[in-house]
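The block underneath contains the structure these notes are about, expressed in structure tokens.
The values are calculated or read from the model by the stated rules, or taken from the named source; none is laboratory data. Remember, predicted model here, so these are calculated numbers, not experimental data. As a convention, Cβ positions derive from the backbone with ideal geometry for all residues, glycine included, and neighbour counts pool all protein chains shown. Remember, those area values only see protein heavy atoms, side chains included, never the ligands or the DNA or RNA. Shrake-Rupley method; radii C 1.70, N 1.55, O 1.52, S 1.80 Å.
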Amino acid sequence: MTAPVRRAGVFAVLCTLSLAVPLFGPRVAAVLASGVLLGAYVVTDGPLFDLLAYPGDYEDSRLYGLITFVLAGVALGLMATATSMPVAVFVGTLLLVGYGNLGEQLVRLRTEQSVVRLATFCLAGIVAAVAGQAAAHSFGGNSAASAIPVLVFLSASGALLAALLRDILLRSDDPIVVLSVGLLLWLLAELEPTIGASEVVIALAVTAAFGYASYALETASIAGMLTGVLLGLLTIVLGGYGWFAVLISFFAIGGLSTKFRYDRKQSLGVAEDNNGARGSGNVLGNAAVALVAVLGYAASDAGFLPREPELFLFAFAGSIATAMSDTLSSEIGSVFEQPRLITTLEPVDPGTDGGVTWQGELAGIAGATVVAGLAYGLFPDVEVVGAAIIVAAGIAGMTVDSLLGATLEGTLLGNQGVNFLATLSGALVAAFLVLSFALFG
């Protein structure tokens, strides 16, 4: 057994101590945490140090990795005992990270394939988190059987976020992962999603299938795939399959448009890197506003926000219409005539930020129309006027993207920042038009 596997096993055991909170109360758990912290501070060399140390710990002969991990667990435990965070979320988060990491390290002995290790981390983390949350419910005197579908949803969401952060960060950054996953699960638990056993299984199967297809077709990197699957799962559970259909239309059509005349784009120097596979930054830049709209819809539907849930539906559709319009206008328009800068209409080189072509503009309008058509067919609240609002929002957002590209991109903003502000503009335009029509229409 290798050192990483032994270290992961010890960390998993330490994570299991989180069950002391629902079993014996926070005071006993605090004593255990204090003992672990004291031991981590005292041990500076020898076999135990070698067992627990990350590579960077040897420089100062201090178990910083273990210390920061325990402190992250303590911080989460304080939230669970002093705020509305459920104790089950605290326990599930620690078990998810601890046993997910152990599962990944064990399978690493057999293969170095990234997808296999990723799947093992998620599966082991989900099983451990569900078991931990169910145990916490039982220790608290509550029946966990009826809550299993929700616990699976929370665990899967946390596992996907943890896997994404671990792909982006270093293995020694697990304290950041623990806190991030805990806060996400707390938010989702507060929304009190209602989902049955068959629904959560179908949601996981559908999102995993689309995610793997995007990776296999090289339209998304591993990080991009994880981001897309997490967004898809949250969208299905908190919004519905109609919301997911609108979201996935962007990922599918946008990803395929990246491959459109890819050789021509390479010769012009405007092709996406990594053979067109989009990473997490690109996915989040285009879909972060849509995710916020989904969360806003769920919060409004649960009574946490005063606005009508339908307003967030239009904000969601407006942001996706913008993302679709911008992607198609740049990916299709870039292979045609020499673009012109949107602010001066002067000819510019292909790939210049803020450069537009009439073919690209038409493609962008078509993209917004596709999103509007889907929304019109899937949502009763989106009538003809609503569909027209979504098209207008998509065009407005696409224009904002070009204007920002011509003025601020490369100096104050990066590409992901421009995408985020553009999709935010599309969402706001859609919401503003809906409110205006309700007041004056």
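Mind listing whichever residues of region 322-340 are touching a strand residue (DSSP E or B) at 6+ places or on another chain (Cβ under 6 Å) and within 19 Å of Val400 (Cβ to Cβ)?
Listed by number, the residues that qualify are Pro339, Arg340.
Keeping to region 148-186, report how many residues are at pLDDT below 90, in a helix (DSSP H, G or I) and open to solvent by 30 Å² or more (accessible area, probe 1.4 Å).
Matching residues across region 148-186 total 6.
Restricting to region 131-147, name every residue that is open to solvent by less than 60 Å² (accessible area, probe 1.4 Å) and either over 18 Å from Cys15 (Cα atoms) or touching a Lys or Arg at 6+ places or on another chain (Cβ under 6 Å) (or both).
Gly140, Ala144, Ala147
Being touching a residue at least 60 places away in the same chain (Cβ under 8 Å), out of contact with any Gly (no Cβ under 9 Å at 6 or more places or on another chain) and in a helix (DSSP H, G or I) is the filter here, so list the residues in region 107-136 that pass it.
Listed by number, the residues that qualify are Arg108, Ser114, Val115, Leu118, Ala135.
Which of the residues belonging to region 282-296 are touching a residue at least 24 places away in the same chain (Cβ under 8 Å) and open to solvent by less than 50 Å² (accessible area, probe 1.4 Å)?
Asn282, Val283, Gly285, Asn286, Ala287, Ala288, Val289, Ala290, Leu291, Ala293, Val294, Leu295
Please go through region 196-224 and pick out each residue that is modelled with pLDDT under 90 and buried (at least 17 other Cβ atoms within 10 Å of the Cβ).
The answer is Phe210, Gly211, Ser214, Tyr215, Thr219, Ala220, Ser221, Ile222, Ala223, Gly224.
When residues of region 344-380 are filtered for being touching a helix residue (DSSP H, G or I) at 6+ places or on another chain (Cβ under 6 Å), open to solvent by 70 Å² or more (accessible area, probe 1.4 Å) and either in contact (Cβ under 8 Å) with a residue 60 or more places away in the chain or part of a strand (DSSP E or B) (or both), how many remain?
1
Starting from region 182-198, keep only residues that are farther than 13 Å from Met79 by Cα, then list their pairs with residues that are surrounded by fewer than 18 Cβ atoms within 10 Å (Cβ to Cβ) and among the acidic types (Asp, Glu) whose Cβ atoms are within a distance under 6 Å, requiring at least 6 positions of separation or different chains.
none
Residues being more than 15 Å from Glu310 (Cα to Cα), assigned to a helix (DSSP H, G or I) and more than 20 Å from the chain's Cα centre (by Cα): count how many of those fall in region 403-438.
7
Which members of region 77-96 meet the condition of being touching a residue at least 60 places away in the same chain (Cβ under 8 Å) and crowded, with 24+ Cβ neighbours inside 10 Å?
Ala88, Val89, Phe90, Val91, Gly92, Thr93, Leu94, Leu95, Leu96, listed by residue number.
(1) open to solvent by 20 Å² or more (accessible area, probe 1.4 Å); (2) at pLDDT below 90; (3) assigned to a helix (DSSP H, G or I): which one isn't true of Tyr99, the others all being true?
Unmet condition: (2).
Report those helices (runs of 4 or more DSSP H) wholly inside region 1-57 carrying at least 1 residues which are of a type in the set (Ser, Thr, Tyr).
The helices (runs of 4 or more DSSP H) meeting that bar are 3-16, 26-42.
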